[in-house]
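Before any comments, here is the structure.
The values are calculated or read from the model by the stated rules, or taken from the named source; none is laboratory data. Since we're looking at a predicted model, the values are computed, not measured. Cβ coordinates were reconstructed from backbone atoms using ideal geometry, including for glycine residues, and neighbour counts include every protein chain displayed.
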Amino acid sequence: MRNRKNFVVLPGRKRTKTSKKLPMVFLGMTFLFFGLQALYSLSHNFIAARFVRTALAEKGFLQDSKSIHGVFIRAEQVVAAPVTGTLTWLVQGGERLAAGTPVAQLAAGEQLGNTTITSPLPGVVMLALDGLEGALQPQALETVDVVGLLKNPPPKQQFAAGDLIKQGSMLFKVVDNHRSYFLFALLAEEHRSLGLATGQLLRFSFDSGQEVSGKLVMQQTDEDAEKVIMAAELTADIRQPTRFAEAQLIFDKTRGIVVPTSALVQRGEEVGVYTLEQATVSYRPVEVLAAGEETVVVEGLRLGLKVIVNPRLVREGQRL
């Protein structure tokens with residue numbers, strides 16, 4: 001008889017439905033990924049639309065210039081008080097007058113009456129005097145100590161209405177505003193780097209807001225050879241009320257479409273800007289003609305385009 005073997009049945013585990021759950025997990029993760037991506041896109045667009053700043057592409061210019069301080073020298077005639085009397089001004093300082101125009105009146109009392117003082121020649125009347133009227137002459141520009149005058153400018157004196165003016169006192173002056181000389185100094189190194197030559201046409205922008213041209217008529221080195229004194233002849237109508245003036249010596253000026261420097265975007269070797277057109281961000285390559293600290297002059301943009309000045313917040317094709 002064959003021996004019968006005993007078999008032991010091991011307990012098993014119930015089969016799970018893994019194959020059915022896996023697709024659902026992957027599908028859920030996919031929906032979550034695209035949902036987060038859509039949420040990021042919406043939030044990014046919302047933030048961009050809220051914080052993006054734009055500026056219009058406008059016509060303008062950039063200029064390469066240097067701040068200078070100079071002295072005006074003009075043909076001028078001082079008028080003295082013919083009698084002693086109480087002063088009344090009849091004009092404002094800085095007015096251009098014809099010869100014979102009443103400027104002031106002196107009341108000398110009942111017996112002598114009033115004396116009217118007129119402009120001796122056509123020009124601009126200046127009521128303030130600095131005592132340099134006779135010392136600074138257009139025909140003697142080489143003798144003017146420009147550096148010394150700029151270091152120690154003389155005080156101005158102006159009589160007020162109601163003052164008692166003594167006979168012979170210097171009262172006002174009339175200057176030829178159509179022909180002025182502006183004297184200034186540059187460090188010798190600056191002068192060499194600019195390569196300025198006598199006869200060259202220079203351009204000045206004065207602190208009064210007036211911009212004029214002038215021909216360089218004199219150049220000479222000071223005693224220490226540290227500075228070069230220059231004189232430019234200005235033929236424009238200069239009504240600068242003071243003898244000393246701040247100005248910008250303009251070396252170069254570039255005109256074109258001006259946008260903020262912060263708007264520039266670098267793409268490899270190409271430079272461009274992002275513009276906002278019909279609520280869509282577009283990229284436009286440009287050529288930079290001149291660059292300043294805050295603005296640049298570019299070519300390649302049409303006038304009036306909205307340029308995005310903080311381009312890091314946007315991307316090309318984005319709708320805002």
E133 vs. criteria among the acidic types (D, E) and surrounded by fewer than 14 Cβ atoms within 10 Å (Cβ to Cβ): no
Inter-residue pairs, beta-carbon under 9 Å, first in contact (Cβ under 8 Å) with a residue 60 or more places away in the chain and in segment 166-180, second basic (K, R) and not in a strand (DSSP E or B), 6+ apart: N177/R239
Members of segment 265-307 that are buried (at least 18 other Cβ atoms within 10 Å of the Cβ) and part of a loop (DSSP other than H, G, I, E, B): V286, L301, L305
Selection count where residues are assigned to a strand (DSSP E or B) and not aromatic (F, W, Y), scope segment 200-243: 23
Search result, residues across segment 220-259 that are in contact with a helix residue (DSSP H, G or I) (Cβ under 8 Å, 6 or more places away or on another chain), surrounded by fewer than 16 Cβ atoms within 10 Å (Cβ to Cβ) and modelled with pLDDT of 85 or more: Q220, T221, F244
Contacts under 7 angstrom Cβ, first residue in segment 260-277 being closer than 20 Å to G60 by Cα, partner aromatic (F, W, Y) and surrounded by 13 or more Cβ atoms within 10 Å (Cβ to Cβ), 6 or more apart: G272/Y283; Y274/Y283
For L127: the one exception among (1) in contact with a Lys or Arg (Cβ under 9 Å, 6 or more places away or on another chain); (2) of a type outside the set (F, W, Y); (3) surrounded by fewer than 11 Cβ atoms within 10 Å (Cβ to Cβ): (3)
Residue in segment 43-62 that is at pLDDT below 90, assigned to a strand (DSSP E or B) and either within 49 Å of the chain's Cα centre (by Cα) or surrounded by 14 or more Cβ atoms within 10 Å (Cβ to Cβ) (or both) present: yes
Residue within segment 188-204 that is without any contact (Cβ under 8 Å) to a residue 24 or more places away in the chain, within 28 Å of V174 (Cα to Cα) and out of contact with any Cys (no Cβ under 6 Å at 6 or more places or on another chain) present: yes
Extreme residue, nearest to G93 (Cα to Cα), among residues of segment 109-124 that are surrounded by fewer than 17 Cβ atoms within 10 Å (Cβ to Cβ) and either of a type in the set (G, A, S) or in contact with a Leu (Cβ under 6 Å, 6 or more places away or on another chain) (or both): T115
Pick from segment 136-179, criterion exposed (fewer than 13 other Cβ atoms within 10 Å of the Cβ) and of a type in the set (G, A, S), ranking: nearest to A247 (Cα to Cα): G148
Of the criteria (1) in contact with a helix residue (DSSP H, G or I) (Cβ under 9 Å, 6 or more places away or on another chain); (2) surrounded by 13 or more Cβ atoms within 10 Å (Cβ to Cβ); (3) outside any strand (DSSP E or B); (4) not assigned by TED's automatic domain parsing to the domain that holds P285, which one S262 fails: (4)
Filter pass, Q220 being in contact (Cβ under 8 Å) with a residue 12 or more places away in the chain, under 29 Å from K156 (Cα atoms) and not hydroxyl-bearing (S, T, Y): yes
